[in-house]
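Participant: Could you have a look at this structure, given as structure tokens, before my questions?
The values are calculated or read from the model by the stated rules, or taken from the named source; none is laboratory data. Note that this is a predicted model, so its numbers are computed, not measured. With ideal geometry, Cβ positions are generated from the backbone for all residues, glycine too; neighbour counts draw on all protein chains shown. Heads up: the accessible areas ignore ligands, DNA and RNA and are worked out on the full protein's heavy atoms, side chains in. Shrake-Rupley method; radii C 1.70, N 1.55, O 1.52, S 1.80 Å.
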Amino acid sequence: MAQIIKDYFPHITDEQFSQFQALESLYKEWNSQINVISRKDIDELYTRHVLHSLGIVSVVRFRESLPNTPGGTRVLDVGTGGGFPGIPLAIMFPKTKFHLIDAIGKKIKVVDAVVEALGLQNVTTEHGRAEKVKGRFDFVVSRAVTNMPDFVKWTRNKIRKDSYHSIENGILYLKGGDLTKELKPFPNAYQYNLDEVFEDEFFETKKVVHLPL
């Protein structure tokens, strides 16, 4: 099943592919103990979770180095759940620093175990709420943890002012459906349709929303 990642991202290294392959057994084992992925979705892990997370890659490639910023790009994953989109993105961008946070401790326990098993050196985790996170980040990523107005309130002061990517610093939000009403307060938000990137019908209404902050 991991071959679908290689099909869409043929440039990944053998090590990255091995890490993606390892996700299936890791999540099936942990999901039997702590339910972090719905039972109906676990067999669709690579399409509905891994590939979906990597939809962000179609919007921006995180830079390995930034001016006056030791360590390069920093990304905050809010409400990471079982580690999505943070863990697939951390595999794809090994020189980008990811901080994964969730308010539910048992989910962070799973994330920690997966991160350790994969040997990811670019991931830190935190059990807590987004409002309490310290530091500034180039981007905040998430998968539909709440409506956009509330999410902006949580994360507005977490964004670095200096932008060095192809898009401005801000939020990269994975969400589906008609977002017209939800995004009305944010006229500068841009929607990228993932059905133009991935062929599976799962992506027919899925989008990456970029909101510069």
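Participant: Do me a favour and compute the ellipsoid semi-axes for segment 96-181 from its Cα gyration tensor, root of five times each eigenvalue, largest one first, whole Å.
Facilitator: Ellipsoid semi-axes (Å, largest first): 23, 17, 13.
Participant: What distance in nm separates the simple spin-label points at K28 and T124, each placed 7 Å from Cα in the Cβ direction?
Facilitator: Spacing of the two 7 Å Cα→Cβ label points: 3.5 nm.
Participant: Calculate the FRET efficiency for E199 and K161 from the Cβ-Cβ distance with a Förster distance of 45 Å, rounded to the nearest 0.05.
Facilitator: 0.75
Participant: Right, another one. Please compute P(r) over all alpha-carbon pairs of the chain, binned at 5 Å starting from zero, and give each bin as a whole-number percent.
Facilitator: Bins of 5 Å from zero give 1, 7, 16, 20, 22, 18, 11, 4, 1, 0 percent of pairs.
Participant: How much of the accessible area of the chain, probe 1.4 Å, is carbon plus sulfur, in whole percent?
Facilitator: 46
Participant: Next question. What is the count of Lys pairs in segment 16-120 whose alpha carbons sit under 24 Å apart, if the two are 8 or more places apart or on different chains?
Facilitator: Here the count comes out as 11.
Participant: Using the scaling law 2.2 N^0.38 Å as the reference, what is the normalised Cα Rg of segment 1-106?
Facilitator: That ratio works out to 1.10.
Participant: Going from the alpha-carbon gyration tensor of segment 1-45, what semi-axes, largest first and in whole Å, does one get by taking the root of 5 times each eigenvalue?
Facilitator: That gives 23, 11, 6 Å for the three semi-axes.
Participant: In segment 5-130, with Lys and Arg counted as +1 and Asp and Glu as -1 at Cβ, which of these residues, T73, P10, L23, has the Cα nearest the positive end of the dipole, that is, farthest along it?
Facilitator: In segment 5-130, that residue is T73.
Participant: Return, for the Cα atoms of segment 53-143, the radius of gyration and Dmax in Å, separated by a comma.
Facilitator: When restricted to Cα atoms, segment 53-143 yields Rg and Dmax of 12.3, 37 Å.
Participant: For the peptides 140-146, 13-19, 78-84, 161-167, what is the packing order when you average, over each peptide's residues, the other Cβ atoms within 10 Å and list the highest mean first?
Facilitator: Top to bottom by mean Cβ count within 10 Å: 78-84, 140-146, 13-19, 161-167.
Participant: Which FRET efficiency value, to the nearest 0.05, is calculated for N35 and S65 with the Förster distance at 30 angstrom and r the Cβ-Cβ distance?
Facilitator: 0.15
Participant: Still on this structure: Only bridges with both residues in segment 100-213 count here: give the DSSP antiparallel percent, nearest 5.
Facilitator: Bridges in segment 100-213 are about 55 percent antiparallel.
Participant: Per the Kirkwood treatment, what hydrodynamic radius in Å, one decimal, follows for segment 134-213 from the mean inverse distance over all distinct Cα pairs?
Facilitator: In segment 134-213 this quantity evaluates to 13.2 Å.
Participant: Okay, next question. Roll a 1.4 Å probe over the protein chains and send me the accessible area per residue for the chain in Å².
Facilitator: 48
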